[in-house]
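Undergrad: Supplied in structure tokens, the structure appears directly below.
The values are calculated or read from the model by the stated rules, or taken from the named source; none is laboratory data. This is a predicted model, so every value here is computed, not measured. Backbone-built Cβ (ideal geometry, glycine too); neighbour counts: all protein chains shown.
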């Protein structure tokens, strides 16, 4: 279900958090020792999927801890992202020599409430959402939420800057999306140039992918 979502040199893996996962390393186990069972299962399946994807880059036995915002800490030559939602977990990783950032997000293909829709959608995004003829309006807002999450996961490890829903404009096309960042002092090219995205609906889930290639980053 992830085939073609990212460029060919991005490795992906997915699974179901409800299924048993391989044992965590002790250092990882310590991170979720006091977490509820649901969170422990999601964490374990995410790490299992991550090591499957990392095996493509000779890091199949990597211990994956987390940073101050609980983002995964990848091997030094890797960028990547993990997502999990009800019944689905996915990972995308790539060489840092090729990509500045990678983001992936999955959400249930279910409507969001009107209050949530108002909070995540800017006025300049409504026309783009109306072009998503394959999704009803409530699911389009869910897709918008997912795209902004994927973008944040892609950029935060590089910028360490929090992006609110109102700080980004997402523009959708058939299976793709673009992004424009409105923060004046955002430490990437003005408007988030170089970020690319794709999306798809697969069964009960909406999945979005965002990435920035190294040759298009031009970091300040």
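Undergrad: Considering only segment 186-220, how many residues are part of a loop (DSSP other than H, G, I, E, B) and either modelled with pLDDT under 75 or buried (at least 17 other Cβ atoms within 10 Å of the Cβ) (or both)?
TA: Start the filter on segment 186-220 by keeping residues that are part of a loop (DSSP other than H, G, I, E, B), which leaves 186-189, 193-194, 203-204, 217-220.
Going one step further and asking which of them are either modelled with pLDDT under 75 or buried (at least 17 other Cβ atoms within 10 Å of the Cβ) (or both), we end up with 186-189, 193-194, 217-220.
The number of residues fulfilling the criteria is 10.
Undergrad: Within segment 79-94, track down each residue that is in contact (Cβ under 8 Å) with a residue 60 or more places away in the chain and within 17 Å of residue 158 (Cβ to Cβ).
TA: 79, 81, 92, 93, 94, listed by residue number.
Undergrad: So for segment 99-107 (the condition being at pLDDT below 95 and over 11 Å from the mean Cα position of the chain (by Cα)), does at least one residue qualify? Steps first, please.
TA: Our first condition is that a residue be at pLDDT below 95; within segment 99-107, this holds for 99-101.
Now drop any that are not over 11 Å from the mean Cα position of the chain (by Cα), which leaves 99-100.
Yes, the conditions are met somewhere in segment 99-107.
Undergrad: Within the group 76, 23, which residue is farther than 26 Å from residue 211 by Cα and surrounded by fewer than 18 Cβ atoms within 10 Å (Cβ to Cβ)?
TA: Details: 76 fails: farther than 26 Å from residue 211 by Cα.
So the residue among 76, 23 that is farther than 26 Å from residue 211 by Cα and surrounded by fewer than 18 Cβ atoms within 10 Å (Cβ to Cβ) is 23.
Undergrad: Additional query: When residue 34 is evaluated against the numbered criteria (1) at positive phi; (2) more than 18 Å from the chain's Cα centre (by Cα), which criterion, by number, is the only one it fails?
TA: So residue 34 meets the others, but not (1).
Undergrad: Just the residues that are over 20 Å from residue 204 (Cα atoms) and in a loop (DSSP other than H, G, I, E, B), please, taken from segment 7-20. Can you show your working first?
TA: Initial filter on segment 7-20 (over 20 Å from residue 204 (Cα atoms)): 7-11, 20.
Those that are over 20 Å from residue 204 (Cα atoms) and in a loop (DSSP other than H, G, I, E, B): 7, 8, 9, 10, 20.
Undergrad: Moving to a separate point now. Looking only at segment 56-74, count how many residues are over 9 Å from residue 93 (Cβ atoms) and either in a loop (DSSP other than H, G, I, E, B) or at pLDDT below 95 (or both).
TA: The number of residues fulfilling the criteria is 13.
Undergrad: Which of the residues spanning segment 95-140 are in contact (Cβ under 8 Å) with a residue 12 or more places away in the chain, farther than 19 Å from residue 200 by Cβ and outside any helix (DSSP H, G or I)?
TA: Those that are in contact (Cβ under 8 Å) with a residue 12 or more places away in the chain, farther than 19 Å from residue 200 by Cβ and outside any helix (DSSP H, G or I): 95, 96, 97, 98, 99, 100, 101, 121, 122.
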